[in-house]
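Reading through the structure tokens given below for one structure.
The values are calculated or read from the model by the stated rules, or taken from the named source; none is laboratory data. Computed from a predicted model, the values in this text were never measured in an experiment. Cβ atoms come from the backbone with ideal geometry, glycine included; neighbour counts cover every protein chain shown. To get the accessible areas, we keep the full protein, side chains included, count just its heavy atoms, and leave off ligands, DNA and RNA. Shrake-Rupley method; radii C 1.70, N 1.55, O 1.52, S 1.80 Å.
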Amino acid sequence: MVWGVTNEQYLEVGSRTVMEGDPSWAGPLAGVNLRLKVFHVLEPEIKDHIPQDVYDEELMLLELAVGDEKIGKTITMMEGFRAQPV
């Protein structure tokens, strides 16, 4: 699963949902463990697969708006999720 949002709460809830199932037990994924790995579009291993012209047009402004510190925190969060056993 590749995310494009940068809100930490959305990333956490969304990532846990696609990995472990809906944590609120209110939605269609309640109890459904999809075991998907989660990534963020600004992570180098994802970013490197996007053609430069597409990246410049679609994602460059997001990267500039978010800033290096928040991108670093987001990458660390995604790596932490991927390190968890699924």
Which translational diffusion coefficient, to the nearest whole µm²/s, is obtained for the chain from the Stokes-Einstein equation, given a Kirkwood hydrodynamic radius over C-alpha pairs, 20 °C and 1.002 mPa s? 157 µm²/s
7 Å from Cα along Cα→Cβ at both Glu43 and Glu8: what's the point-to-point distance in nm? 1.8 nm
Of the heavy-atom accessible surface of the chain (probe 1.4 angstrom), what whole percent is carbon and sulfur? 57 percent
Helix 68-83 vs. the chain, principal-axis angle (Cα, 0 to 90°, nearest 10): 40 degrees
Restricting to DSSP H runs of at least four residues, report the calculated mean residue ellipticity at 222 nm for the chain, -39500 (n - 2.57) per run over all residues, nearest 500 deg cm²/dmol. -15500 deg cm²/dmol
Nearest 10 degrees, 0 to 90: helix 8-20 Cα axis against the chain principal axis: 50 degrees
Per residue, how much accessible surface does the chain expose to a 1.4 Å probe? Answer in Å², no decimals. 65 Å²
Other-chain or far-sequence residues with amide H under 5 Å of His40's (modelled H): Trp3
For Ala83 and Glu58 in one chain, what is 0.36 nm times their gap in residues minus the Cα-Cα distance, to one decimal in nm? 6.1 nm
Ordering 65-78, 6-19 by per-residue average of other C-beta atoms within 10 angstrom, highest first, gives 6-19, 65-78
